1. Report the one residue of P388, I373, L286 whose Cα lies farthest in the direction of the positive end of the charge dipole of the chain (charges on C-beta: Lys and Arg +1, Asp and Glu -1; origin at the Cα centre).
2. Report the extension gain between S206 and S70 in nm, rounded to one decimal, defined as 0.36 nm multiplied by the number of residues separating them, less their alpha carbon distance.
3. Which far-off residues, 5 or more places away or on another chain, put their amide H under 5 Å from the one on G76, with H placed in the peptide plane?
4. Are there trypsin sites (Lys or Arg not before Pro) in the range 172-224 that DSSP marks as loop and that have at most 10 other Cβ atoms within 10 Å, and which are they?
5. What percent does the relative contact order of the range 9-175 come to when contacts are Cα pairs within less than 8 Å and at least six residues apart?
6. According to the square roots a ≥ b ≥ c of the eigenvalues of the Cα gyration tensor, what is the shape class of the range 450-500, taking rounded for a/c under 1.5, prolate for a/b larger than b/c otherwise, and oblate for the remainder?
7. Which residue, L112, L102, S358, has the largest displacement toward the positive end of the dipole of the chain when charges sit on each Cβ (Lys, Arg +1; Asp, Glu -1)?
8. HN-Hα J couplings of the range 47-63 from phi, Karplus 6.51/-1.76/1.60, θ = phi - 60°, integer Hz, Gly and Pro as x?
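The numbers here are math on the coordinates, done by the rules we state, and not lab data. A quick note: this is a predicted structure, and the numbers were derived from the prediction, not measured. Cβ atoms come from the backbone with ideal geometry, glycine included; neighbour counts cover every protein chain shown.
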Amino acid sequence: MLHSLDSLEVWFVTGSQHLYGPEALAQVAEHSIRIAAELDGTGVVPVRVVVKPVQSDADSIRRLVLDANSTDGCIGIVAWMHTFSPAKMWIAGLNALQKPLLHLHTQFFRDLPWPTIDMDFMNLHQSAHGDREFGYMETRLGLSRSTVVGHWQDPATHERVGVWARAAVGRHTGQHLRVARFGDNMRDVAVTEGDKVEAQIRWGMSVNTYPMNELAAGVEQVLDADIDTQVAEYDERYQVAAELRPDGDRRGALREAARIEIGLRAFLEAGGFHAFTDSFEDLGALTQLPGIAVQRLMADGYGFGAEGDWKTASLVRILKAGAEGLPGATSFMEDYTYHLDPFGPLVLGAHMLEVCPSLASATPSCEIHPLSIGSRSDPVRLVFSAGPAVATVVGMLDLGDRFRLVANVVDVVEPPQPLPKLPVAHALWTPRPNLSTAAECWLLSGGPHHTALTTALTTAHIETLAEMVGVELVLIDESSTPRRLKQELAWNRASWVLGN
């Protein structure tokens, strides 16, 4: 597994001022330490919450923000105004901020002490006052931020802070992501194209192409002993088809698949790549289109996109990083074909080979089947059905003047009948609000056919990520209608033209 959380943190920053004296500031500092420790210890916020000194003047605020910007492990700032913190002293710092910002609107005591409340209490515990001042300045400066309102001990507050932090992990991952493209995009396909320079400016990922034969040369160098170890793991972990077992007549194909996985993994590790693409139109000296290799790398946290689709490869990795430690799974996916029964329409999602086994509802079967495209030998793959879950299907597209995410909430279901001849991993789902409306809205939005399907993250995560990165989001859910979506798209177009 590619670990993304171990060295990451958010900074908890509290604002106040010297008007109330050193004793009040000491109490503010004590309360800040307790709130940060609470958020850090909930298990809901996936990274460390590090408390910083109380901020009470413009220069210290600016210096703290510059430190946050230059600290690789800091992925965002949580700001809270314990007392009244005049917001003009935040201008320089907020103008310099390059990390995500969460404005936490809370107060230390949940309840008012009715019999004893006095002006000392009022002056010290006036977050209702101070946070409004801070919110005005955030708005005046046009800052993109998240705002969470609630008591710091409330599980609902923890959950919303955790959503923000996971989106910040995804943004941080994109900012440091290296994507290897083996070969180019599938010829004449439009939606998998895109502006890689603008993607690096907006998302942060560095996307570069490497010859397939450079990978193939590494695959060729894999030692037989390492292949022995790899196929033994296949034998242990999966239901291996008889023809691929040690005494099977196609054992050699399984060994070749293992050789490809070992060589591909080594190439990615050596180059610091956490996402990659390939294309059946450009396999070089590889004897198989990578199947089980891609699936297992995705299960370990890598992003993948087929046919050179670097945008989806990046998106899969970003979502996997944000979902680390959560139940559920995230995979490369494609809307492949429909079941148009009016009493229960369904989408069958799959691809030629490459669906992540983290979605599997049971132990995957390791099989080999012909592939009619690619002009290579039959590839080995893992075959399974995804388990039932609420999921979000997310696609990324380049509109020329902006990137857009399209997300559809879906319900993954068990197949109503067995699929004994389907030779690929797959997921079956019902889109919300229904197939016809969801598909029409997806098409109106220009949504791509390659997507990331996640049962770990929700639309709240996706929406927060889009806001952090500064990209458009079109959400399709149970409340969507084509008419309203057309209006939304028109408003979005005007907003992006005028606002950018």
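1. Ranked along the dipole, the leading option is P388.
2. Working it through step by step, the gained length comes to 47.0 nm.
3. W11
4. Taking the range 172-224 and a limit of 10 other Cβ atoms within 10 Å, the loop trypsin sites (Lys or Arg not before Pro) found are R187.
5. Rounded, it is 28 percent for the range 9-175.
6. Details: a/c = 2.44, a/b = 1.28, b/c = 1.90.
Oblate, since a/c reaches 1.5 and b/c is not below a/b.
7. L112
8. 10, 5, 10, 10, 7, 10, x, 4, 9, 9, 8, 5, 5, 5, 5, 4, 5
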